[in-house]
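Accompanying notes for the structure given below.
The values are calculated or read from the model by the stated rules, or taken from the named source; none is laboratory data. Since the model is a prediction, treat every value here as computed from it, not as a measurement. Heavy atoms of the whole protein, side chains included, go into the accessibility calculation; ligands, DNA and RNA do not. Shrake-Rupley method; radii C 1.70, N 1.55, O 1.52, S 1.80 Å.
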Amino acid sequence: MASFSDAFNRANGAPGANWSAINGGSWAIASNALTQSDVAGTYRGLRWNGGAFDSANFYARVTGRAPSGMGFGVMVRATLTGTALTDIDGYAIVGFVGDQWYRIEFTNGSDAGYIGLGGTVTANTNYTIEVRANGSTITVYANGSQLASWTDTTYTTGGAMLVTYGGTVTFDDFEAADLATTVALTLSATGVSRSESTRLNSSHL
């Protein structure tokens with residue numbers, strides 16, 4: 001199973017070859033964190049291209065924060081080609097500071113498929129956010145608490161992407177990995193069998 005991570009703890013400068021900017025933005029590593037500092041009111045993405053997942057079932061997790069009025073998120077099953085706003089497609093959790101958490105199904109860069117999940121997103125406060133895709137089930141988390149789970153078949157393949165709305169947004173400790181496959185466990189003593197799903201590097205079992 002593929003597993004990737006980036007703590008951004010390297011020299012200040014561009015994010016590096018493992019990342020591609022979508023819809024521009026001012027992405028840079030500074031003080032061992034990743035920032036997007038263009039404050040224009042539009043969505044921007046940073047696509048992970050440091051390796052392919054072994055299947056379409058995987059999670060992506062990151063720690064993010066933003067000032068008032070700005071948004072930050074993480075996406076799975078993101079489009080793997082293109083660098084325009086219309087190439088921001090996939091399932092995401094996005095927090096808007098001073099507002100709430102949203103689950104968003106991006107289509108051609110549009111957030112028209114958003115659904116509010118409640119909660120409070122405070123300015124300049126770190127939140128660990130995660131999206132998990134397992135078959136047609138998409139699940140989102142904030143600070144380890146599940147906020148929503150739903151089914152959808154719009155996107156069946158893709159990768160991971162960081163998402164911002166405005167700036168200056170800061171990310172740290174990106175992590176993504178394939179989900180473990182379902183394995184059948186047979187209880188020979190009773191003749192009963194059951195299936196149990198496990199996941200690599202997950203704290204939400």
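Using the Karplus relation 6.51 cos²θ - 1.76 cosθ + 1.60 with θ = phi - 60°, the per-residue 3J(HN,Hα) values for the stretch 110-126 come to 9, 9, 4, x, 7, 9, x, 10, x, x, 10, 10, 9, 4, 6, 10, 6 Hz, with x marking Gly and Pro. One compactness figure for the stretch 68-142 is 1.09, namely its Cα radius of gyration divided by 2.2 N^0.38 Å.
Tell me, what does the Kirkwood hydrodynamic radius of the stretch 44-190 come to in angstroms if you use every pair of distinct C-alpha atoms?
Values: mean 1/r = 0.0646 Å⁻¹.
This gives a value of 15.5 Å.
Backbone amide hydrogens, once placed in the peptide plane, bring I22 within less than 5 Å of G45, L46, R47, excluding anything fewer than 5 places away on its chain. Average accessible surface for the chain: 43 Å² per residue, computed with a 1.4 Å probe over protein heavy atoms with every protein chain in place. On the stretch 18-151, 44 percent of the accessible area sits on carbon and sulfur atoms, based on a 1.4 Å probe.
Rounded to whole Å, the principal axis extents of the Cα atoms in the stretch 34-116 read 37, 26, 24, largest first. Amide H to amide H distances under 5 Å link R77 with G159, where only residues 5 or more positions off or on other chains count and H is placed in the peptide plane.
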